[in-house]
Structures are given as structure tokens and as C-alpha cells.
Number of protein chains: 2
Amino acid sequence: MERKTIAQLYRAAEQKEGPVKVCGWVRTLRASKSLGFIELNDGSCFKNLQVVFEDGKVEGFKELSKLNVGSALMVEGTLVLTPDARQPFEVHAAAIEVEGPSTPDYPLQKKRHSVEFLRTIAHLRPRTNLYSAAFRVRSVAAYALHKFFNENGFVYAHTPLITGSDCEGAGEMFRVTTLDMQDPPRSEDGSIDYSQDFFGKETSLTVSGQLNAECMALAFGKVYTFGPTFRAENSNTPRHAAEFWMIEPEIAFADLQDDMDLAEAMLKSVIGYVLEQCPDELAFFDQFVDKGLLERLNKLVNAEFSRCTYTEAVEILEKVKDRFEYPVYWGCDLQTEHERYLTEQVFGQPVFVTDYPKEIKAFYMRLNDDGKTVAATDLLVPGVGEIIGGSQREERLDVLRERMQEMGLKEEDYSWYMDLRRFGSAKHAGFGLGFERLIMYITGIQNIRDVLPFPRTTGSAEF
Amino acid sequence: MERKTIAQLYRAAEQKEGPVKVCGWVRTLRASKSLGFIELNDGSCFKNLQVVFEDGKVEGFKELSKLNVGSALMVEGTLVLTPDARQPFEVHAAAIEVEGPSTPDYPLQKKRHSVEFLRTIAHLRPRTNLYSAAFRVRSVAAYALHKFFNENGFVYAHTPLITGSDCEGAGEMFRVTTLDMQDPPRSEDGSIDYSQDFFGKETSLTVSGQLNAECMALAFGKVYTFGPTFRAENSNTPRHAAEFWMIEPEIAFADLQDDMDLAEAMLKSVIGYVLEQCPDELAFFDQFVDKGLLERLNKLVNAEFSRCTYTEAVEILEKVKDRFEYPVYWGCDLQTEHERYLTEQVFGQPVFVTDYPKEIKAFYMRLNDDGKTVAATDLLVPGVGEIIGGSQREERLDVLRERMQEMGLKEEDYSWYMDLRRFGSAKHAGFGLGFERLIMYITGIQNIRDVLPFPRTTGSAEF
């Protein structure tokens, strides 16, 4: 008999009585003298399958009734519709084969475990409801992103992770090397001789694929990256990981308005797709993790995002500055408390804040005509604050050069980047979306360690 | 007027006369005294759009006719059907605005450039036919993979790139560190004190996500990874890069036969999708890069792949051993010349070779009952040799332990991996597909440097 997944059985068309074969792991088991019930999960969906086994109808009833949680089983039996029960059907076992037993010291016994404990068994925690739901939502959201960009004519660009540009934020980058740390080759003056390193120079793990994505956008028109990114920031917070995934679209012949339109459409599309594909998972999060989650997500999908300038935002915030820990003034970097106040209290929905002071933004952002602000935007969402940061890029060679000088960047390090402004420059824009932030937003999970299957954070690179 | 992409114009439904607005870059331009022709490309598809501009009908004819190749333009005009010409339509310009000019020293003048030269301008080469086609096929193939796995109930698992396991092939791994290379902290015995490194221990860039993927497969049933992988191998060949992308599916309650079925279905699905979505690109490769490519791809999609054991393969090869540079005997690792002979001359199509001697394969592969071979498989394809390597994994704790001892691996380094065999072990299998190898196979491109947008190889990490 061909094996079916539990997800297949739950599909309406498959819900008919008859013989079935399923494989999966025991989530719970209870048995009386002659009758037993197993909640079986095979990972194909959030739901379990109830398997009923009865003495005399299945061989080895006694051994089966003592099975430990976590055991892997192959079950053959009959699907029986149970219209009056909590679940629409169950399987009456005719034969149960133990693929792999479990033991009483299996760490995932049927009780509630703390997420702190579950993080110490990252290799087993995907077998729990919480992480099973989180990582499935992660997978579905990733697919939704690819689907959205594909349907909108974007080219998926794989930008490199190992980078030789030591110009930007070097202090927060991981070094990549094959030199012997114990006794590295040195130049005459005693400094490390990186010309003998694998790539013939100093290399690090990238903090963004944007500059490379710009090269691709000025050939393909619309591109996006979706891959790992690294930050060697020594910050042990619930929101920071050393290795995380980032989405960076980049569009040519486009300005900041187009950029915001794209971000809004993308976010609605992804969240709409997850709402549609993961109702069980989201209901679980809404019930056990973040009450009100579903309402917030449904509202976002149907909202028209607000837009306001940084200058307007500061005016609003200054009126209530006593509420905040951090000071508010024109020129300040907005803190999460400010951002959340704006999106939650003032606008009551997602809001794009635009046109930030150039001093607090990167060199590549397009200078506005006022000479003081740049065409940047952050998207703020309720419950989180900033979820997307983007900008129109400076496409004018002379302005870019001036900004680089102001910020002490060496032209020779960016000659290829400047070439994009020399040869067929076009206005273009893009943004970055931290994928884990998105998953936290969609699930209501508050710690980034719980949306990454095997998180890498300060002091921790287990498994 | 709303801008259209050139891809949109080529769609049958859009091919009607009327006003249009397009943006793009000049691929070629020729002009007489009063009439000019521009081949415009906007990256939305392989094809160019012919723009006709005429003195008196468009402002600035003289300046336009002197535009350099590579200039970025915004064109408004009328789409005119040209049923008798080479292209089905052209645009008669009413206004042409130069978004960004180019210069006579633009490196991509209209002549054939060597791929060696083009590699030195990786930031501009996506604007050429060859690389535009290669990177679009790359993008479409990536999407096809996600689509295939999604439609078949797989969960996309993001496995970590930074790894603390220094057990496997450490010599070929890149170290990741934030220690001061110049003066690293040392223990009393003079050795580097890695407890002070970012993660509190030695870390490297992963060579495979498989072990992590196994954890996920034994929770979700079917998972796959698709992400960057690293090899610090000092091999300057056309087939090796230090950073490349890999696909690693892993399936539970499955054996080697299921694994091969999956690999075959996946490969046919991806190649079928690219054949369907990229006819222009593949026709280009067939004509200019690898004559016979299309025939080979179409044949693969419709073939039923052959299967033979390693032992049978060696018997076949021993009969013609004089043809080969490398010796053939039972126990030898098959070389590319052997692999290609098998798939090209003997089977004339893709072939899975199975059940290799355990000595030449990894510790986690399932030992066959003969005690000599393991349930491993390599898929060999014409023109390339090995493209996929997979195996059924050893699910029996005692056998795994014995194999690890034989190979000198420490149990404490793998305790979490062994837990998967302690708690609900199930037979499972998986394989690895090097994404660049796949793209080389689909495009006929012979050098891995030409299918990666910004390749990282020994001595080179530019851009």
C-alpha cells in the first residue's frame, strides 16, 4: 500500500473511509487494558492523526501500549470518519510497526517546556508544536517571497557572502581566513601578510548584498537577493543574531515612491499567502503566543499604509516627548519606542517614514533637493517598529563622489560601484527586509532565537 | 503613461499598435542623417526592442544619434507591428530622454569580448547576452527548485553557515573569527584562546547543511536546504569555487530507491521548467556555447534514468581500462573520465551508480548487508559526469557508532546527531546537488566563474 502523509489525509478529497498507510512519530499515547490512542504527527502538517489500536485487532498490543513518546511508527489500518468527534476522522490500526523506538529519557515528554530549555535541544525542538509551526511559517513565507518576485518579473540574484571590501563597518564584520592563526605569515614590518591568505587579501562575511544587487538591477531592471547576512555585533538581545537571512530587492528606473509601493505590495502578498496556507499554525500562535495576532495580520493585508516625512514625524513626537526615554529632536535617530508610538498610537497601522537627515543615513542614499535630507524610508509596523529600511540610491556621479568624500570613503575602493553611475546610470531604489523580523512579526514570537532553526548569537554556535 | 517592460510588449496580448513608454539601455545604435535605430534592452527578457527615431519627429536627433552604447534611455512613442521584419514590432519614438549617458570608454562596445576579460568587469557583464542569459537561467532554475519542493510538500530549512563542528574536513574550511589576528589572546601554553572568540569557540564556514537537515527531516518528514556552501580547497579549476550554492533535500521514512526517484523527478522538473520559461536563452546557448544542448536537455527530461551498482560499473569499466588515464579496480574512486564513459558511451543517458565501497564514502552512509558497501548513489549525466551525490543515512545507532569509531570520529562531537537515532529513528535519505554544476549543465557553460554573478575562487574575491 502506498504511504499517505497526514496532510494528504486532511485534504477534503482524501477524507473517505478505507485502507491507509501512514508513518510518523508518537506525540502522545494513552492506553487502557485493551484499547489505545496515539496522536501521530508526521511533520507534513500541524495537525496530528488519531490512531486507535485495540487488543486482538493489532499484534503486540501490550508492547505498543508501553511505547515511549517520540517513537517512529509505520501504521496500516482503516480510515474511519468520525463526524461527531473533535477530529474529522481517525485510523483504526490493523498493524503497527515500530521504525525506531524512543526512551523514557526522551527530552520532549508531554508537558510544557520553556523556550530556554528547548533552545538547548535545537536538534529536537522542531518536533514541538511551537517550533514546528514557526519553521513551517518560515518555509511558507520564504516561498511566498520567491513567488511574489517571480510573478512580478524579478531576477533572483545570488550576491556573494565573502567580501573583500573592508570599507564599511569593518568592526562589525566576521573575518574569513585560512591563515594559521597560531603563526600567521607576517610582512617585514610585523603586520599580517594577507596577500598569503586564501583570496590574496583580507576578507569578511558580508553585511549586505546591496551594492552587488545594484550592479544586477542596472542590467536586469528588477532583481532581489534572498540569502544569509552576518553581523558580528556583540549584542545579546532578543532581536539580534550573528547570522540571519535578508531580502534585498533593487529596481531600476524607479524612485522612492516606487520603492514604497513595492515594499507594501510585497509585504501584503507574503502575509496574505501565509494567512491562506497556514491557518492552523497562525491560529496556534494567536491562541498561545500573541493574542490579537490574526486580527493584526488581517488588518495589515487590507490597510493602505500611511506615509509621512521624518520632519513631520519629529514634530508629532516632540509634542509628546515626555512619554519617551530617549530625546526627540530633528536630527535624532528614531528609537524603537518612537517608531512604535508612531505606528501604533498615531497612525494605528503601518507607516512609511521618509526623508531622513543625511547625517544618520548611508552614503549611497539619494540627496534630496533641500540638501539636508536623503530619499530614505523606514517602514514601521505595530508591535515591532522598523521592519524594512530602504532608499532611492544616489545615481548622480558628482553628488555620490561628494558624499563619499564627506564620509571619508576612498574612491578607489568603490570604483566599480561608481562605474554604474558612469555608464548608463538610471535612477534606482531598493530596500532590505530582515527575514527573521518578518517571521517574528507574522508569528508573534518575541525572540529571534526561536525563528531560526539553529541560531548563531554571541557566544553560541551549537549544532 | 505607464511604463511597460520589453518582456510585457513581447507577450502576445500586448502586441498591438498604440502609444507605449519603455526604459532601457542602448545595446547598439546606428544612424544616418535623418534616421536612427536603437536596439534597446531593459533586462526584463533576452530580446531587445528596436526603437526607430527620425529627425523632425523626435527632439535632439543629432545628439541622440551620437549616443554611446550603454546609455540609459526613457522612450515614449508608438508601437508599430512589422510582420515582414525580423522582429514582430518596433517602436517609433516621439520623445527620447537620456536618463544616464555612457561614454566612448564604456567597456562593452559592440564586439565580441573574451570571457576572461568580462570576468574582470563582473559589475557590468550581466549587460551582455551571455551573462544576461546565464543569470536569468540561474534565477529561473532556482525558482523551479523552490516550486518543485513546495508542490511536493517539502519544508525549506535554513541551516546555519557558521558552524562550530571542527570535525569534518577541517583543512578545507574557512575560519570565521573576530579575534585580532595581529595579536590574538593566548592561553598559558601559548595556543590561541578561542574561548574569547565571538562564539566562544573555533568556528568555520560549513561545507554542508546535511546533518542539520537530518534533524529537520526527522521532524517534518521532507525538507530541503538551498543556500551557500564553502570549500577552502586550493584548486584553481573551471569546476571549483570557494563559495557556491547547494540544494540538499532530506526525506524520512525513505530509502535509497526513494532518494533516486526524488532526484530524478527533481532534475526533470527543473530542466523542464527552464526549457519552458527560457526558450530564447537556451536557443542562444545552443547556438553559441554548446551545440546539441537543447537536444541533450530534451532527451533528459523524457528519459528514464538507468541504475547500476558500483560493482557492475567497475566490471564494465575494467573491460575497457586501456581507454583511461586512471586505473580501474573494485575499491577505486571513479574519476570523471570513468563517469563520463559510463553515462555517455555505455548508457547513453543519465545513470545512477549505487552501493559504493564504504571505504571511499562518508561515515553517515547506511551500511549494506554485505558489510562492504554503503547505500550511496551518484547520478552521472552526459557531458558532465557526477551531478548529484546522495545516500541513505545510517539510522541504526550501534552501526553508526561502529562506523564512527572506524573513522576516528569522536562521539561527543556528534551526540546531537546520534540523538536522532536514539529517539524515534527512522530510515531516511538525501542528496546534494551543486547548483552551479546544474546551471553549467543547463547552459553548457564550461567555467563555474561564468555562472556565478560574483565568483569567489582561489586568489580572487573582487567586487
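The values are calculated or read from the model by the stated rules, or taken from the named source; none is laboratory data. Nothing here was measured: the structure is a model prediction, and the numbers come from that model. Every residue, glycine as well, gets a Cβ built from its backbone with ideal geometry; the counts of neighbours run over all protein chains shown.
Of the residues B:L73, B:L67, B:L79, B:L49, the single one that is more than 14 Å from chain A (Cβ to nearest Cβ) and at pLDDT 95 or above is B:L79. Could you say whether any residue in the range B:404-415 is among the hydroxyl-bearing types (S, T, Y), touching a residue at least 40 places away in the same chain (Cβ under 8 Å), over 23 Å from B:M260 (Cα atoms) and touching a helix residue (DSSP H, G or I) at 6+ places or on another chain (Cβ under 9 Å)? Yes, there is a match, as at least one residue in the range B:404-415 is among the hydroxyl-bearing types (S, T, Y), touching a residue at least 40 places away in the same chain (Cβ under 8 Å), over 23 Å from B:M260 (Cα atoms) and touching a helix residue (DSSP H, G or I) at 6+ places or on another chain (Cβ under 9 Å). For the range A:411-418, does any single residue satisfy the condition of being out of contact with any His (no Cβ under 7 Å at 6 or more places or on another chain) and more than 14 Å from chain B (Cβ to nearest Cβ)? So far as the range A:411-418 goes, yes, one or more of its residues are out of contact with any His (no Cβ under 7 Å at 6 or more places or on another chain) and more than 14 Å from chain B (Cβ to nearest Cβ). In the set A:Q182, A:Q257, A:Q210, only one residue is out of contact with any Leu (no Cβ under 7 Å at 6 or more places or on another chain) and touching a residue at least 60 places away in the same chain (Cβ under 8 Å); that residue is A:Q210. Checking each residue in the range B:146-159 for being more than 7 Å from chain A (Cβ to nearest Cβ), buried (at least 21 other Cβ atoms within 10 Å of the Cβ) and in contact with a strand residue (DSSP E or B) (Cβ under 8 Å, 6 or more places away or on another chain) picks out B:F149, B:F154. Per the conditions (1) out of contact with any Lys or Arg (no Cβ under 9 Å at 6 or more places or on another chain); (2) among the hydrophobic types (A, V, I, L, M, F, W, C); (3) at pLDDT below 95, the sole criterion not satisfied by A:M1 is (1).
Can you say whether B:Y326 is aromatic (F, W, Y), crowded, with 17+ Cβ neighbours inside 10 Å and more than 23 Å from B:A142 (Cα to Cα), as far as the supplied structure shows?
When the stated conditions are applied, B:Y326 does not pass them.
Can you name the number of the only condition in (1) surrounded by 16 or more Cβ atoms within 10 Å (Cβ to Cβ); (2) modelled with pLDDT of 95 or more; (3) not in a helix (DSSP H, G or I) that A:E339 fails? A:E339 satisfies all of (1) surrounded by 16 or more Cβ atoms within 10 Å (Cβ to Cβ); (2) modelled with pLDDT of 95 or more; (3) not in a helix (DSSP H, G or I) except (3).
(1) of a type in the set (V, I, T); (2) within 14 Å of chain A (Cβ to nearest Cβ); (3) touching a helix residue (DSSP H, G or I) at 6+ places or on another chain (Cβ under 7 Å): which one isn't true of B:V399, the others all being true? Tallying (1) of a type in the set (V, I, T); (2) within 14 Å of chain A (Cβ to nearest Cβ); (3) touching a helix residue (DSSP H, G or I) at 6+ places or on another chain (Cβ under 7 Å), B:V399 fails exactly one: (3).
It is to be established whether one or more residues within the range A:375-382 are at the interface with chain B (Cβ under 9 Å from one of its Cβ atoms) and modelled with pLDDT of 95 or more. The answer is no, given that none of the residues of the range A:375-382 is at the interface with chain B (Cβ under 9 Å from one of its Cβ atoms) and modelled with pLDDT of 95 or more.
Within the range A:210-228, is even one residue more than 9 Å from chain B (Cβ to nearest Cβ) and in a loop (DSSP other than H, G, I, E, B)? No, because not a single residue in the range A:210-228 is more than 9 Å from chain B (Cβ to nearest Cβ) and in a loop (DSSP other than H, G, I, E, B). Close Cβ contacts (under 8 Å, 6 or more residues apart or on different chains) running from residues in the range B:1-14 that are closer than 18 Å to B:E281 by Cα to residues that are aromatic (F, W, Y) and surrounded by 15 or more Cβ atoms within 10 Å (Cβ to Cβ) comprise B:L9/B:F89.
Here is a check on your reading of the model: is A:E250 of a type outside the set (A, V, I, L, M), surrounded by 20 or more Cβ atoms within 10 Å (Cβ to Cβ) and within 30 Å of A:A426 (Cβ to Cβ)?
Numbers: of a type outside the set (A, V, I, L, M): yes; surrounded by 20 or more Cβ atoms within 10 Å (Cβ to Cβ): yes; within 30 Å of A:A426 (Cβ to Cβ): yes.
Here the answer is yes, as A:E250 does meet what is asked.
Of all residues in the range A:132-148, those that are touching an Asp or Glu at 6+ places or on another chain (Cβ under 7 Å) and over 13 Å from B:H158 (Cβ atoms) total 1.
Only one residue in A:Y143, A:Y106 is surrounded by 15 or more Cβ atoms within 10 Å (Cβ to Cβ), at the interface with chain B (Cβ under 8 Å from one of its Cβ atoms) and either among the small types (G, A, S) or closer than 26 Å to B:F454 by Cβ (or both). Which one? Walk me through how you get there before you give the answer.
Values: A:Y106 fails: either among the small types (G, A, S) or closer than 26 Å to B:F454 by Cβ (or both).
Of A:Y143, A:Y106, the one residue that is surrounded by 15 or more Cβ atoms within 10 Å (Cβ to Cβ), at the interface with chain B (Cβ under 8 Å from one of its Cβ atoms) and either among the small types (G, A, S) or closer than 26 Å to B:F454 by Cβ (or both) is A:Y143.
Go through the range B:58-68 and report how many residues are crowded, with 16+ Cβ neighbours inside 10 Å and out of contact with any Ser or Thr (no Cβ under 6 Å at 6 or more places or on another chain). Working first, answer last.
Within the range B:58-68, the first condition is being crowded, with 16+ Cβ neighbours inside 10 Å, and the residues that meet it are B:58, B:61, B:64-65, B:67-68.
Next, from what is left, pick out any that are out of contact with any Ser or Thr (no Cβ under 6 Å at 6 or more places or on another chain): B:58, B:61, B:64-65, B:67.
Residues meeting the conditions: 5.
Scanning the range A:436-463 for residues that are facing another protein chain (nearest Cβ under 7 Å) and of a type in the set (D, E, K, R), we see that the one that is farthest from A:L124 (Cα to Cα) is A:R456. Here A:S269 fits the description: under 27 Å from A:V301 (Cα atoms), of a type outside the set (A, V, I, L, M, F, W, C) and more than 11 Å from every other protein chain (Cβ to nearest Cβ). Restricting to the range A:293-330, name every residue that is under 23 Å from the mean Cα position of the chain (by Cα) and either at pLDDT 95 or above or part of a helix (DSSP H, G or I) (or both). Within the range A:293-330, A:L293, A:L294, A:E295, A:R296, A:L297, A:N298, A:K299, A:L300, A:V301, A:N302, A:F305 qualify.
The residue pairs whose first member lies in the range B:379-398 and is without any contact (Cβ under 8 Å) to a residue 40 or more places away in the chain, whose second member is part of a strand (DSSP E or B), and whose beta carbons are closer than 8 Å, counting only pairs six or more residues apart or on different chains, are B:E394/B:M365; B:E394/B:L367; B:E395/A:G100; B:E395/B:H428.
For B:V314, the conditions (1) touching a residue at least 24 places away in the same chain (Cβ under 8 Å); (2) of a type outside the set (S, T, N, Q); (3) surrounded by 15 or more Cβ atoms within 10 Å (Cβ to Cβ) are fulfilled apart from (1).
Of the candidates B:F230, B:F244, the single residue that is buried (at least 23 other Cβ atoms within 10 Å of the Cβ) and on the phi < 0 side of the Ramachandran plot is B:F230.
Which ones in the range A:17-43 are under 31 Å from the mean Cα position of the chain (by Cα) and either among the hydrophobic types (A, V, I, L, M, F, W, C) or away from chain B (no Cβ under 12 Å) (or both)?
Looking only at the range A:17-43, we keep the residues that are under 31 Å from the mean Cα position of the chain (by Cα), and these are A:23-28, A:39-43.
Hits for the range A:17-43 are A:C23, A:W25, A:V26, A:T28, A:E39, A:L40.
Which members of the range B:5-16 meet the condition of being within 30 Å of the chain's Cα centre (by Cα) and either in a loop (DSSP other than H, G, I, E, B) or more than 13 Å from every other protein chain (Cβ to nearest Cβ) (or both)? Full working, then the answer.
Taking the range B:5-16 as the starting set, the residues that turn out to be within 30 Å of the chain's Cα centre (by Cα) are B:5-11.
Scanning the range B:5-16 gives B:T5, B:R11.
Picking from residues in the range A:122-135 that are among the aliphatic types (A, V, I, L, M) and more than 8 Å from every other protein chain (Cβ to nearest Cβ), the one that is surrounded by the most Cβ atoms within 10 Å (Cβ to Cβ) is A:A134.
Inside the range A:168-185, residues that are over 28 Å from the mean Cα position of the chain (by Cα) and more than 9 Å from every other protein chain (Cβ to nearest Cβ) make up a count of 3.
Is it the case, given these coordinates, that B:E188 is surrounded by fewer than 22 Cβ atoms within 10 Å (Cβ to Cβ), within 10 Å of chain A (Cβ to nearest Cβ) and out of contact with any Pro (no Cβ under 8 Å at 6 or more places or on another chain)? So B:E188 fails the test.
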